[in-house]
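The values are calculated or read from the model by the stated rules, or taken from the named source; none is laboratory data. Computed from a prediction, not measured in an experiment: that's the story for all the values here. Cβ sites come from the backbone with ideal geometry, for glycine too, and all protein chains shown count toward neighbours.
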Amino acid sequence: MKKTLTYHIHEVAPYINWIYFFHAWGFAPRFATICSIHDCLGCKENWIQTFSETERDKAREAVTLFQEAKKLLNILDSKFHSYARFALLPANSDGDDIIIYDSEFNESMRLPLLRQQTAAHNDFCLCLSDFIKPIGNGTDKIGLFATTIDGDIETFYNGDDPYKHLLAQTLADRLAEATAEKMHEDVRRTYWGYAPDEHLPINELHQEKYCGIRPAVGYPSLPDQSTNFEIDRLLGFKEIGIQLTENGAMSPHASVSGLIFAHPEARYFSVGKIGTDQLKDYANRKGTTIEKLSPFLSSNILQ
């Protein structure tokens, strides 16, 4: 199955993780709690008073920023959409690789992955392939996804109002992530349907209390940005307006891509540092050279 979903901004805005929005503006996570405060003046003032005197001016700034972000979301809702594209395909694991099949169960692509070199869970070094059934144990399933926002959001107010332009860019990043959250929920409950009775509040979604995981490219368990080229090959990023640069970055910038796993014991982890031997093995499995691959993993390679 391959499917493209189009969302109105108001459909995905409730899924925004405001902690990361405020972080982008230099606010500590505690200031993001303004998002759960009633919108009356009294409630906002009572919230401000919970901070020390030295932090109350910062808290007032947070109130103003949140109000302006909500107003801009209403404007964006009348002009733009967000998009998600996902594929649910048969798969098996083969060591640290995931073999992805086409609808006829012929091998369509082999996706090499990296394994932790320092155990972080039950003294076991994890690899994402661990969450897919090995060859010979029946066929499993894997999801691939990408989400993005109408590219014009990134130029909204450009040249007219620098503050609102930056605010729109920050919201676009959060909306792309929120779209991934919404899409993942729809996949779990409907399209893949492995958790049809799931009804989690937004805060529990942000705490990743759902079954399965959706590691994004560039994140700790899937750090190699060149993986975007492989996902694009099967998914077709252009179907939702995403293009890749030479280094695997997505355009529009407000885009997210990654994998979806349904295994009930799947968990997020960090690959961490890798040695030259693992880098060489990984390059061989990807059919490339260490020299070409190293720039994508510079922060993970042991010096």
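Taken over region 36-95, the residue count meeting the criterion of being within 18 Å of Lys164 (Cα to Cα) and polar (S, T, N, Q) is 4. Taking region 157-259 as the region of interest, the helices (runs of 4 or more DSSP H) fully inside it that hold 3 or more residues being at pLDDT 95 or above and crowded, with 21+ Cβ neighbours inside 10 Å are 162-186, 227-235. Among the numbered conditions (1) over 16 Å from Arg267 (Cα atoms); (2) touching a helix residue (DSSP H, G or I) at 6+ places or on another chain (Cβ under 6 Å); (3) touching a residue at least 24 places away in the same chain (Cβ under 8 Å), the only one that Asn247 does not meet is (2). For region 206-223, what are the residues that are of a type in the set (Ser, Thr, Tyr) and farther than 22 Å from Thr118 by Cβ? Of everything in region 206-223, just one residue is of a type in the set (Ser, Thr, Tyr) and farther than 22 Å from Thr118 by Cβ, namely Tyr210. Within region 27-72, if we keep just the residues that are in contact with a helix residue (DSSP H, G or I) (Cβ under 9 Å, 6 or more places away or on another chain) and outside any helix (DSSP H, G or I), the residue that is surrounded by the most Cβ atoms within 10 Å (Cβ to Cβ) turns out to be Phe27. Within region 196-216, the only residue that satisfies the criterion of being without any contact (Cβ under 8 Å) to a residue 40 or more places away in the chain and either of a type in the set (A, V, I, L, M) or not assigned by TED's automatic domain parsing to the domain that holds Tyr15 (or both) is Leu200.
Applying the criterion of being touching an Asp or Glu at 6+ places or on another chain (Cβ under 8 Å) and aliphatic (A, V, I, L, M) to the residues of region 101-145, the residue that is surrounded by the most Cβ atoms within 10 Å (Cβ to Cβ) is Ile132. Which members of region 82-96 meet the condition of being surrounded by fewer than 19 Cβ atoms within 10 Å (Cβ to Cβ) and not aliphatic (A, V, I, L, M)? Once the filter is applied, which keeps residues that are surrounded by fewer than 19 Cβ atoms within 10 Å (Cβ to Cβ) and not aliphatic (A, V, I, L, M), region 82-96 yields Pro90, Asp94, Gly95, Asp96.
Applying the condition of being touching a Lys or Arg at 6+ places or on another chain (Cβ under 8 Å) and assigned to a loop (DSSP other than H, G, I, E, B) to region 260-278 and asking which residue is modelled with the highest pLDDT yields Ala262.
Restricting attention to region 1-44, and to residues there that are among the polar types (S, T, N, Q) and under 26 Å from Asp186 (Cα atoms), which single residue is modelled with the lowest pLDDT? Restricting to residues being among the polar types (S, T, N, Q) and under 26 Å from Asp186 (Cα atoms), the top hit is Ser36. If you scan region 97-140, which residues turn out to be in a strand (DSSP E or B), within 23 Å of the chain's Cα centre (by Cα) and of a type outside the set (Asp, Glu)? Scanning region 97-140 gives Ile98, Ile99, Ile100, Met109, Arg110, Leu111, Pro112, His121.
Scanning region 146-156 for residues that are surrounded by fewer than 19 Cβ atoms within 10 Å (Cβ to Cβ), touching a strand residue (DSSP E or B) at 6+ places or on another chain (Cβ under 8 Å) and among the acidic types (Asp, Glu) yields no hits at all. The set of residues in region 122-154 being at pLDDT 95 or above and of a type in the set (Gly, Ala, Ser) consists of Ser129, Gly143, Ala146.
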